[in-house]
Amino acid sequence: MKALKLRHPFGLEHIELVDLPDPGQPQSDEIRVRIHASSMNYHDLAVISGMVPPADGRIPLSDGAGVVEAVGAHVTEFKVGDHVVSTFFPTWLDGEAIIGDFSTTPGDGVDGYAAEYVIRPATAFTHAPENYSHAEAATLTTAGLTAWRALVENGQLKAGDTVLILGTGGVSIFALQFAKAMGAVTIVTSSSDDKLKKAQALGADHVINYKTHPDWAAEVLKVTNGRGADHTIEVGGPATLAQSIQATRVGGHIALIGILTGIQGEIPTLALLAKQQRLQGLVVGSRKHQSNMIKALNNLPFKPVIEHRFAMTELKQACELQLQAGHFGKIAIEF
């Protein structure tokens, strides 16, 4: 079978297309899946580029969607022909977070889904949403579930809440879609007027160009009549967190998701204390979270936004687009 491997010293020039032996048949608690699609995430880019170096020879990509080809004797949840999608933390099935690193994450601590076939424990997958293409399903493992957990599982989003969404990448656009579908008021920031127009077409109630308005928190307060947002999807990190605290209401919820502006920086502690906000770091979610999300998606009136599609052999080009932040929504990888 065809697969991609990452080779030391890593970087986009060291992605290798290889032929591997067929993985064979599943054991009693496993399933064999023909992978048809993946998607690109910032985490994948960090691994592939060597920013977070994996083991030499690692098969990349944390997201995988495809068709079950065989099931082990003890597997009852899936049958041959089912469309499935992978989970980001294959061993975190339910309950509170139990993993504080990426040692079990496909494409990082273990081999990922840039391969034609995989054999994994059945619990490493869930059913895909009904009527989703493989590419659409593959966007859910990382980006979709991160947005869902931030707003629904952790944020307890309610109709009428105001959601501030930084940026227009994969997590951010999912957050916009979930928030609008659940009756929230949405505010989206970007440095691109073109991307803000696209966000408005998806239902964004207010848009703010943070280059035109460097003090964008003041603009958020303006459109919320001084109250601030109930929920903030914070994907920037240290360079944006101070304004996110300012833009979020007293007692509001800030989901700290991204590190696009760096991995460390100062936290305006007094402002956070004074506003009594809940600042929660999160990384994707559990298998139960994913099952909850997919149940909801089967009844929600939208599909993932995929602006660019690449073949598996074009992974380098997909990484370059992710690096340039040249995308709106998700980048799909199709096999």
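At-a-glance table
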| read-out | value |
| --- | --- |
| Dipole moment magnitude, nearest 20 debye, the chain about Cα centre, only Lys, Arg, Asp, Glu C-beta charged | 860 |
| Ranked by how many other beta carbons lie within 10 Å on average, peptides 48-59, 298-309 from highest | 48-59, 298-309 |
| Gained length - residue 242 relative to residue 299, 0.36 nm times residue gap less alpha-carbon distance | 16.9 nm |
| Extreme residue, positive dipole direction of the chain, given options 243, 47, 27 (C-beta unit charges) | 243 |
| Region 186-291: C-alpha gyration tensor shape, a/c 1.5 cut-off, then a/b vs b/c | rounded |
| Carbon + sulfur, % of accessible area of region 1-137 - ligands and nucleic acids excluded, 1.4 Å | 52 |
| Cβ-derived FRET efficiency at R0 25 Å, residue 193 paired with residue 225, nearest 0.05 | 0.50 |
| For region 49-116, size of Cβ-based charge dipole, Lys and Arg +1, Asp and Glu -1, in debye | 80 |
| Solvent exposure of the chain as accessible area per residue, Å², 1.4 Å probe | 42 |
| Added length on full extension, which subtracts the Cα-Cα distance from 0.36 nm per residue, residue 276 to residue 56 | 74.7 nm |
| Theoretical gain in end-to-end length, residue 317 to residue 91 [0.36 nm per residue, Cα-Cα removed] | 78.2 nm |
| Percent carbon-and-sulfur accessible area, region 191-291, ignoring ligands, DNA and RNA, probe 1.4 Å | 54 |
| Prolate/oblate/rounded call for the chain, Cα gyration tensor, a/c under 1.5 rounded | prolate |
| Calculated FRET efficiency for the pair residue 8/residue 80, C-beta based, R₀ 35 Å, to 0.05 | 0.35 |
| For the chain, calculated [θ]222 nm from helices alone, where every DSSP H run of n ≥ 4 adds -39500 (n - 2.57) | -6000 deg cm²/dmol |
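The values are calculated or read from the model by the stated rules, or taken from the named source; none is laboratory data. Model, not experiment: these values are computed from the prediction. So basically every Cβ, Gly included, is an ideal-geometry build from the backbone, and we count neighbours across all protein chains shown. Calculation scope for accessible area: heavy atoms of the full protein, side chains included, ligands and nucleic acids excluded. Shrake-Rupley method; radii C 1.70, N 1.55, O 1.52, S 1.80 Å.
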